[in-house]
Each structure stands twice: as structure tokens, then as C-alpha cells.
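S.K.: Dropping a structure here in C-alpha cells format, bear with me for questions.
The values are calculated or read from the model by the stated rules, or taken from the named source; none is laboratory data. Because the structure is a prediction, the values reported are computed rather than measured. As a convention, Cβ positions derive from the backbone with ideal geometry for all residues, glycine included, and neighbour counts pool all protein chains shown. Note: accessible area is taken over every heavy atom of the protein model, side chains too, but ligands, DNA and RNA are not part of it. Shrake-Rupley method; radii C 1.70, N 1.55, O 1.52, S 1.80 Å.
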Amino acid sequence: MRAPARSADEPLLRVEDLHVEFRTGGGTVEALNAVDLWIDAGETVAVVGESGSGKSVTALAVLGLLGNGRVSGGRITWDGKDITGASNRDMRTVRGNDISVIFQDPMTSLDPLFTIGHQLVEAYRIHHDVSKREARERAVELLDLVGIPEPAAKFKAYPHQLSGGQRQRVMIAGALACDPRLLIADEPTTALDVTVEAQVLALIRDLQERTGVGLMLITHDMGVVAEMADRVVVFYAGQVVETGTADEILDRPQHPYTRALLEAIPRRDTPRDQEMPAIPGAVPALDEMPTGCRFVTRCTEAAPECESAQTLRDVAGRQVRCWRPDEDHGVLAPMAEVAG
Amino acid sequence: MLLYAGRRLTYGLLVLALVATLVFLIIRLIPGDAVRLQMADAPGVTQAQIDQRTAELGLDEPILSQFGHFVGGLAQGDLGTSFDDERPVTTKILERLPATLELGLLAILFGVLLGVPFGMLSAIRHHSVVDNVMRFLAVIGMSVPNFWLALLLITFLALWFGWSPPLVYASPAENLGQNLVHMLLPAIALGAATMASIARMLRSSLLEVLGSNFVRTIRSRGASERVVVLKHAGRSSMIPVFTVLGLQVGHILGGTVILERIFAIPGMGSLIFEAVGQRDYPVILGCVIFYGAIFILVNVVVDLLYAVIDPRIRYKGASA
Ligand SMILES: Nc1ncnc2c1ncn2[C@@H]1O[C@H](COP(=O)(O)OP(=O)(O)OP(=O)(O)O)[C@@H](O)[C@H]1O
Ligand code: SF4
Ligand SMILES: [Mg+2]
């Protein structure tokens with residue numbers, strides 16, 4: 001009994017009740033506790049939430065790149081196939097081929113010791129058994145596709161010879177080399193300045209329209225969400241707290257955290273040096289995480305019932321993890337559901 | 001690129017000149033003088049004979065003018081003649097150089113061939129039993145003096161297997177088999193510290209690189225761990241390893257002095273050892289200059305290797 005907004009067919013990617021733990025010096029920490037989301041083919045899903053809420057960990061978990069972390073519960077399904085805890089060998093056929101990723105920091109995300117051409121050729125040849133010459137042609141084509149001027153000449157450039165924006169374009173080219181069906185963009189423009197940011201986002205949008213690739217866009221920027229997203233997934237403290245269409249979420253946020261986020265997160269047109277309003281309080285430490293609603297320590301709507309354990313519930317046509325969704329809009333959950 | 005190499009070389013030569021000057025002064029401060037040591041056993045040596053010999057060797061001149069002669073000769077590539085047998089120092093050293101180079105190269109080979117795989121294994125399986133054992137051994141390898149390790153090897157091989165290294169040295173041209181058997185133990189004793197340093201450095205640099213963003217990118221594109229570790233991370237983690245190797249060459253050269261003595265290898269190490277005993281100043285200086293030149297040359301090559309590996313250094317070097 002999920003939200004009706006979901007398509008009837010099996011989505012491209014489905015993440016259900018995902019739990020992830022990391023082994024650290026002082027024991028294990030649970031970075032994800034109940035993450036649910038899905039992405040349909042060709043759809044743009046924005047993932048938002050404060051720093052440390054688990055957005056990147058979710059992306060890495062999907063790719064099986066958790067390093068010292070592991071999936072400790074839940075399920076990841078790709079194209080109908082359960083890939084939870086799949087072997088590295090199996091995941092290698094998915095990475096870059098079915099699901100690609102662009103990371104936040106283009107300055108450090110390319111190997112400084114190899115030319116960008118070499119890295120694109122490599123990306124293509126991992127999944128395509130073609131000659132170096134064919135792969136070269138593909139690489140030049142990709143550089144052209146992402147708007148690098150003089151692609152044949154730039155092929156021989158090293159990452160340090162490119163600007164940040166150009167490097168991120170090269171990252172995008174590498175991610176799209178094998179025509180993936182899902183592109184995860186983890187804050188792809190955070191490290192770039194504003195004009196370059198707009199260009200890179202326009203490029204991603206354009207490429208998405210041309211290739212029909214699904215997009216999971218992790219961002220802090222509600223302006224970007226409004227511009228690009230079909231649906232939005234809101235993270236808080238390792239959980240998904242609200243999911244809905246972009247219009248619904250932006251216009252009628254149900255979860256108090258989403259509302260606070262919309263007020264606090266700067267839009268792209270806000271000057272960067274301007275003091276940005278933050279949500280008062282801080283995310284509770286992992287060992288002090290409330291057992292009920294995790295937002296209870298900062299929520300202006302908090303009430304005694306908020307202490308009890310909760311799950312994502314269907315509220316006003318979307319999914320919300322809150323005992324007291326926004327009352328102003330008259331969509332208070334029926335009491336029966338609250339009690340259940 | 002050439003400019004870059006030239007600058008490193010010039011810098012190295014300046015350091016060498018400084019070192020040669022210091023050694024020139026210091027050896028004259030060591031108590032005992034060359035003439036008395038030479039004539040000590042001969043009965044009935046008169047003061048006149050001693051004075052005459054001192055004058056022959058030029059040791060009666062003021063130290064500054066002695067230094068002048070030395071620099072003058074050096075400028076023409078002449079290192080002077082030995083006090084001991086009056087043969088040209090260069091000839092004496094060149095006779096001995098091959099054995100030392102062979103020993104040094106074997107030690108480096110041993111260190112690299114074992115240190116690199118150990119370091120990689122340690123990094124890939126970090127915090128495993130293998131890693132912990134290797135890190136423990138590396139600390140030991142780095143702290144045990146090479147001559148002590150050599151004596152230990154000799155003793156235990158003799159005790160357990162009744163095997164001792166050959167006593168008579170044969171050059172590789174005379175008898176390659178015997179030569180290699182002879183070189184085996186000193187090369188291992190010399191290379192152990194190199195192996196340990198390389199393993200340690202490679203472990204830490206590889207671990208750092210394996211956690212870096214670009215490695216995550218390469219993994220995210222579906223590359224195999226073999227490509228990730230050997231091609232990308234391996235290449236990036238080589239730079240600090242080359243630095244260690246360059247410094248280790250210094251330790252190895254120093255170590256040859258004692259190990260050539262222990263194993264009766266007629267290399268530059270035993271030559272300088274004998275020369276110090278005799279206060280054969282020109283030979284000592286000649287050897288020091290050769291040792292220094294080798295060390296500097298190796299480190300210039302290491303600097304060039306950085307540029308070969310890392311385009312950022314290459315381009316910075318070219319524009320500077
Ligand atoms: N390798 C790791 N080892 C231990 N803890 C980790 C590791 N990676 C992430 N975490 C923890 O997981 C939590 C979620 O981190 P994540 O990087 O997903 O946040 P995020 O939502 O992407 O934040 P940001 O907006 O800052 O990128 C954080 O508390 C972080 O400390
Ligand atoms: S459950 Fe209660 S505390 Fe949590 S967000 Fe809703 S109103 Fe706030
Ligand atoms: Mg992140």
C-alpha cells in the first residue's frame with residue numbers, strides 16, 4: 001500500500017527499508033536506518049536533506065561501494081533483480097554500465113596521472129570489447145557531447161589542465177560512456193561557481209532529455225529541485241521522511257522537517273556569502289537517536305505521541321514519516337491511522 | 001623538462017662540493033698521520049726520512065695550499081695518487097667499483113622485489129593477520145643493523161645447514177655462480193631495511209590512494225580491482241616509494257663498507273676501509289666523492305622519475 005504516485009510497473013531502481021552500518025574504530029555506526037525510494041526509467045528524483053543525513057551513503061550502497069560499510073538490512077532491486085549484497089564481480093557489470101555516478105568534487109575525482117582521453121577510453125572499454133581506436137572515437141564523441149571545445153585536442157589533456165567546470169563535464173562524459181539507464185549525480189555542482197553551476201546543470205538536463213537516462217540528483221538547492229525534479233525524496237538522520245512529486249513537496253510540504261528545510265535551504269539566486277538561515281538545533285548524535293521520530297528534538301510540532309516508533313505512511317497522496325503531518329493544509333491523518 | 005633535470009643536477013653537485021670540502025678537513029683532524037703509519041713497522045726510521053716522506057706526499061704544506069692542489073686536480077678530473085702504492089686514485093676506485101655496484105644493485109633488487117608485493121598485500125588486506133605480521137617484520141627490518149643481520153645469517157646458516165659463504169671472491173666474469181652465491185647474504189642483509197621501508201611506505205601511500213576520490217570514480221565505472229590497484233592506485237603511490245628508494249641508496253652505500261669487509265668483497269667499501277686505516281687521504285676523498293656522486297645521480301634520476309610519473313610535476317618543471 002504505497003503511494004499511488006508510483007508507477008504500476010516495476011521501477012528501475014527500488015530501495016526498500018535499507019539499513020547500512022559502518023565499522024569504525026569505536027564500533028559500528030548506523031548511517032542508514034530505513035531508507036525507501038524508487039526511481040522510474042527516465043525520471044528525475046531529487047534527494048535532499050541536511051549534511052550527514054545519508055544521501056551519499058545511499059548512492060554508494062546502490063553501487064555496492066560502501067568500503068568499510070555494509071548493508072545490514074533491507075533490499076535494493078535493480079530492474080527487478082535483487083542486487084542487495086551482490087558480489088563485487090556481479091556489481092562490476094552494473095557499475096558504469098547500468099548505473100553511473102558523478103561525484104561532488106571534480107577536482108579530485110579524476111586520476112591526475114592519466115589524460116582525460118585515457119580515462120574515457122578506459123571507462124568505455126570496461127564494458128565494451130572494442131579496439132583502442134574505436135574507444136578513442138567514442139571518447140572524442142563524448143567530449144563533444146558534454147561541450148568540451150576542441151575535443152580531439154583536449155583528449156590529450158591532463159585533469160590539472162582543465163577548469164573545475166570542464167573536469168565535471170569530463171566526469172559526466174565518463175559516467176555516460178556506456179549509456180547507463182540511471183545516473184546518480186551527488187551534488188554535482190557544489191564545488192563549482194554559480195555561472196558554471198548553471199551550465200553544468202543545463203548540460204545534465206539536456207543530456208537527460210536526449211538519452212532518457214534516469215536521474216537521481218542529490219542536492220542542497222531547492223531552486224535546482226524546482227527546476228529539474230519530477231519527484232523529491234527527503235532524508236533526515238539516515239531515514240526517508242517524505243517522498244512525493246516535486247510540486248507537492250515544494251508547495252505543500254507535509255513533514256515539519258521538509259517545511260523547515262524549505263525555509264532554511266538557500267535558493268540558487270541567493271548570494272553565497274549571505275548568511276543562510278539554518279534549522280535550529282542539530283541532528284542528534286547516533287547514540288542519542290530518539291526511538292520514535294528522529295526529528296522530535298528539533299520539531300516545533302512535537303507532541304507526546306511523537307515518541308512512538310513510526311514508518312513511512314501514505315498521507316495526502318505521498319509518503320510521510322510523521323505522526324502529525326501539516327495541519328494547516330487540512331490533511332491531518334485520520335486518528336485511526338495515528339493510533340495504528 | 002631538461003631545465004628541471006639540469007637544476008636538480010647543479011644543486012646536487014653543489015652539495016657534493018660541500019661534502020668533499022668537509023671530508024677533506026675532517027680526515028686531517030683524525031688523530032694519527034699517514035707517514036708514521038706507513039713507516040711504523042720499519043726499524044730505525046730517522047726523523048729525516050719521515051720529513052722527507054712527508055714532503056713527498058705534500059703533507060708539509062699549509063692545509064690551504066693542500067686544498068688548492070686537491071681542487072686543482074679535481075678540476076681536471078684527477079683525484080691524485082694513493083699514499084699507499086702511488087697508483088692513481090681513479091684507477092684504484094674503478095677496479096673496485098663493479099663489486100660495490102653489483103652488491104648495491106642486488107640489495108636494491110631484493111628490497112624492491114619483496115618490498116613492493118609485501119606493501120601491496122599489506123594495503124589490500126589491511127588490518128588482517130598478514131598485514132599485522134608484515135608490519136611487525138617491517139619494524140624489525142628497519143631497526144636491525146645490517147651487519148648484525150649478516151652475522152646472524154652466517155651463524156644460523158652454518159649451524160643449521162652447515163653452509164658458509166665462499167671465502168674467496170670471484171668476479172662475475174670469472175665465475176658467475178660463485179660470485180652470486182658470495183653476494184647473496186650481504187645483499188639480503190643490506191636489502192632487508194630497503195625492503196621494510198618500501199613495504200611500509202607503499203602500504204601507507206597505497207592505503208591513502210585507495211581511499212581517494214578518483215579511485216572511487218574508477219571503481220564506480222566497473223573497473224576490476226586489478227586495474228584499480230595495479231594501474232591507478234599503484235602508479236599514484238609510487239612517488240613516495242621512489243623517494244624512499246633514493247634515500248635507501250644512501251644507506252645501502254654506507255652499508256657496503258662494513259658488509260664488504262665481513263664478506264671479503266673487494267669493492268669500494270673495503271677500499272675506503274683500508275684507506276682510512278692507512279690515512280690514505282686521496283683514496284678516502286676519492287671514494288667519498290664517488291659515493292656522493294652515485295647518491296646524487298640516483299636522486300636526480302628519482303626526481304626525473306617523479307616527472308615521468310606525474311604530469312603536474314612535469315608541466316610545472318617545464319614552465320619554471
Ligand atoms: N566510511 C564511513 N565510515 C563511517 N561513517 C561514515 C562513512 N561514510 C559515511 N559515514 C557516516 O554516514 C552518515 C551519512 O553520511 P553521508 O555522506 O551519506 O551524508 P550526506 O547526506 O551525503 O551529507 P552531505 O550533504 O554532507 O554530503 C554520516 O553520519 C557519516 O558520518
Ligand atoms: S512525528 Fe512529531 S516530532 Fe516528528 S516530525 Fe512529526 S510532529 Fe515533529
Ligand atoms: Mg554527500
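S.K.: Determine which single condition A:T84 fails, assuming it passes every other condition in (1) open to solvent by 30 Å² or more (accessible area, probe 1.4 Å); (2) among the hydroxyl-bearing types (S, T, Y); (3) within 14 Å of chain B (Cβ to nearest Cβ).
M.R.: All conditions are met except number (3).
S.K.: Under the condition of being in contact with a His (Cβ under 9 Å, 6 or more places away or on another chain) and modelled with pLDDT under 75, which residue from segment A:242-278 is surrounded by the fewest Cβ atoms within 10 Å (Cβ to Cβ)?
M.R.: Across segment A:242-278, the extreme among qualifying residues is A:P266.
S.K.: Quickly run through segment A:200-225 and pick out the residues that are away from ligand 1 (no atom under 16 Å from the Cβ) and open to solvent by 10 Å² or more (accessible area, probe 1.4 Å).
M.R.: A:A202, A:L203, A:R205, A:D206, A:Q208, A:E209, A:R210, A:T211, A:G212, A:G223
S.K.: Moving on. Specify the residue that is most open to solvent (accessible area, probe 1.4 Å); the eligible residues are those in segment B:227-246 that are away from chain A (no Cβ under 11 Å) and within 25 Å of A:A175 (Cα to Cα).
M.R.: Kept after step one, since they are away from chain A (no Cβ under 11 Å), are these residues of segment B:227-246: B:229-230, B:240-246.
Of the ones still in play, those that are also within 25 Å of A:A175 (Cα to Cα) are B:229-230.
On the way: B:V229: 11, B:L230: 102 Å².
Checking each candidate, the answer is B:L230.
S.K.: Another question, then. Within the set of pairs 6 or more residues apart or between chains, which connect a residue that is in the same structural domain as B:V23 (by TED's automatic domain parsing) and surrounded by 15 or more Cβ atoms within 10 Å (Cβ to Cβ) inside segment B:65-85 to a residue that is at pLDDT below 85 and among the β-branched types (V, I, T) with Cβ atoms less than 8 Å apart?
M.R.: Between residues of segment B:65-85 that are in the same structural domain as B:V23 (by TED's automatic domain parsing) and surrounded by 15 or more Cβ atoms within 10 Å (Cβ to Cβ) and residues that are at pLDDT below 85 and among the β-branched types (V, I, T), there is no close pair.
S.K.: Further, regarding this structure: Quick check: anything in segment A:190-208 assigned to a strand (DSSP E or B) and either within 20 Å of A:L12 (Cβ to Cβ) or modelled with pLDDT of 95 or more (or both)?
M.R.: No, every residue in segment A:190-208 fails to be assigned to a strand (DSSP E or B) and either within 20 Å of A:L12 (Cβ to Cβ) or modelled with pLDDT of 95 or more (or both).
S.K.: Something else about it: I'd like the residue in segment A:157-174 that is among the hydrophobic types (A, V, I, L, M, F, W, C) and without any contact (Cβ under 8 Å) to a residue 60 or more places away in the chain and, out of all such residues, is surrounded by the most Cβ atoms within 10 Å (Cβ to Cβ).
M.R.: A:A173
S.K.: Filter segment A:47-71 down to residues that are within 14 Å of ligand 3 (Cβ to nearest atom) and part of a strand (DSSP E or B) and give me whichever is nearest to B:L207 (Cα to Cα).
M.R.: Once the filter is applied, the top-ranked residue is A:G69.
S.K.: Can I ask one more? Do you know which residues across segment A:226-259 are within 16 Å of ligand 3 (Cβ to nearest atom) and either at positive phi or among the β-branched types (V, I, T) (or both)?
M.R.: Within segment A:226-259, A:V233, A:V234, A:A237, A:G238, A:V240 qualify.
S.K.: Please find, within segment A:72-93, the residue that is farthest from ligand 3 (Cβ to nearest atom) out of those that are touching a helix residue (DSSP H, G or I) at 6+ places or on another chain (Cβ under 8 Å) and of a type in the set (S, T, N, Q).
M.R.: A:T93
S.K.: Return the total of residues in segment A:87-105 being at the interface with another protein chain (Cβ under 9 Å from one of its Cβ atoms) and part of a loop (DSSP other than H, G, I, E, B).
M.R.: Adding up the residues that qualify gives 5.
S.K.: Being facing chain A (nearest Cβ under 8 Å) and assigned to a helix (DSSP H, G or I) is the filter here, so list the residues in segment B:216-226 that pass it.
M.R.: Passing the criteria: B:R216, B:T217, B:I218, B:R219, B:S220, B:E225.
Conditions tested, residue by residue: (1) buried (at least 18 other Cβ atoms within 10 Å of the Cβ); (2) under 24 Å from A:G165 (Cα atoms); (3) within 16 Å of ligand 2 (Cβ to nearest atom).
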| residue | (1), (2), (3) |
| --- | --- |
| A:A41 | no, no, no |
| A:G54 | yes, no, no |
| A:V62 | yes, no, no |
| A:G73 | no, no, no |
| A:D79 | no, no, no |
| A:R89 | no, no, no |
| A:G96 | yes, yes, no |
| A:H127 | yes, no, no |
| A:K132 | no, no, no |
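S.K.: Identify all residues within segment B:86-130 that are of a type in the set (K, R) and surrounded by 15 or more Cβ atoms within 10 Å (Cβ to Cβ); write none if there are none. Give the steps one after another, and end with the answer.
M.R.: In the first step, residues of segment B:86-130 are kept if they are of a type in the set (K, R); the result is B:87, B:92, B:96, B:125.
Answer for segment B:86-130, where residues must be of a type in the set (K, R) and surrounded by 15 or more Cβ atoms within 10 Å (Cβ to Cβ): B:K92, B:R96.
S.K.: Name the single residue that is farthest from the other protein chains (Cβ to nearest Cβ) among those in segment A:27-45 being under 23 Å from A:L262 (Cα atoms) and more than 13 Å from ligand 1 (Cβ to nearest atom).
M.R.: A:A34
S.K.: Testing B:P266 on (1) assigned to a helix (DSSP H, G or I); (2) open to solvent by 40 Å² or more (accessible area, probe 1.4 Å), one condition comes back false. Which one is that?
M.R.: All conditions pass for B:P266, except number (1).
S.K.: Regarding A:V29, is this residue outside any loop (DSSP other than H, G, I, E, B), modelled with pLDDT of 95 or more, not acidic (D, E) and not assigned by TED's automatic domain parsing to the domain that holds A:T243?
M.R.: no
S.K.: Just give me the residues in segment B:154-174 being hydrophobic (A, V, I, L, M, F, W, C) and open to solvent by less than 50 Å² (accessible area, probe 1.4 Å), in sequence order.
M.R.: Those that are hydrophobic (A, V, I, L, M, F, W, C) and open to solvent by less than 50 Å² (accessible area, probe 1.4 Å): B:I154, B:L157, B:A158, B:A170.
S.K.: For segment A:185-199, state whether one or more residues are within 30 Å of A:R313 (Cα to Cα), of a type outside the set (S, T, N, Q) and buried (at least 22 other Cβ atoms within 10 Å of the Cβ).
M.R.: Among the residues of segment A:185-199, at least one is within 30 Å of A:R313 (Cα to Cα), of a type outside the set (S, T, N, Q) and buried (at least 22 other Cβ atoms within 10 Å of the Cβ), which makes the answer yes.
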